[in-house]
1. Set the Förster radius R0 to 41 Å, insert the Cβ-Cβ distance between residue 60 and residue 144 as r into 1/(1 + (r/R0)^6), and round the FRET efficiency to 0.05.
2. How would you classify segment 47-150 from its alpha-carbon gyration tensor, with a ≥ b ≥ c the square roots of the eigenvalues: rounded for a/c under 1.5, else prolate if a/b is greater than b/c, otherwise oblate?
3. Give me the number: length gained by fully extending residue 87 to residue 129, i.e. 0.36 nm times residue separation minus the C-alpha to C-alpha distance, one decimal in nm.
4. Separation between the residue 49 and residue 17 pseudo-spin-labels, each 7 Å from Cα along Cα→Cβ, expressed in nm?
5. Only Lys, Arg, Asp and Glu count, each charged at its Cβ (+1, +1, -1, -1), so figure out the dipole size of segment 47-150 about its Cα centre, rounded to 20 debye.
6. Based on the Cβ-Cβ distance of residue 75 and residue 106, what FRET efficiency does E = 1/(1 + (r/R0)^6) give at R0 = 22 Å, to the nearest 0.05?
Amino acid sequence: MIAVPPPAPHVVRRKRTSIWIGAIITTACVAVGTLAATATLAPLKTPAQVAKAYLEARYAGEWDEAWAMECAMTHSFVGSRSRFARAGSHWDEELRLPRHVVVDVADDVQAAEGLDSIITVTATVSSPERRDWSITGEVPLLVQDDRIQVCDGGLGLNPPPGA
């Protein structure tokens, strides 16, 4: 039988220290990776939040932001972001629409008949600049592949049915 002497205390200590350092580095890498992935993912939004953000951008004349929220059908119908901005600016000026608005969106999500992926929410837009002005209508939204996009042709609120 061969006798093996126990390892020296400094060797055991060095081995444990290496394990702890490896565990700390691994934990730090996982934490940084999780933080980076979470920061780059867009938060899930509700139909009401999407409609509100769209209408706020639309009435503020933030055309790039509003265009980015429009669905492919609207992009195809309107043609381009620049045409969307020109037409929107023209109508805003023609109708003397206020730039500073307050948007209230109801949580009354309604699915359109026969189209499971199209829903509408009711929104009211008013302005502290013009107390005599407000509009209420339905905002059509396309829900597809965990995305919610506006499909209104870029012109604003559609009147509610029966109005």
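1. 0.95
2. oblate
3. Roughly 12.8 nm would be gained on extension.
4. Roughly 4.8 nm, to one decimal.
5. For segment 47-150, the charge dipole is close to 420 debye.
6. Numbers: r = 27 Å, r/R0 = 1.22.
With a Förster radius of 22 Å, E is 0.25.
Each value in this text was obtained by applying a stated rule to the coordinates, not by laboratory testing. In this text, all values refer to a predicted model and were calculated from it rather than measured experimentally. Methodologically, a virtual Cβ is constructed for each residue, glycine included, from the backbone with ideal geometry; neighbour enumeration extends over all protein chains shown.
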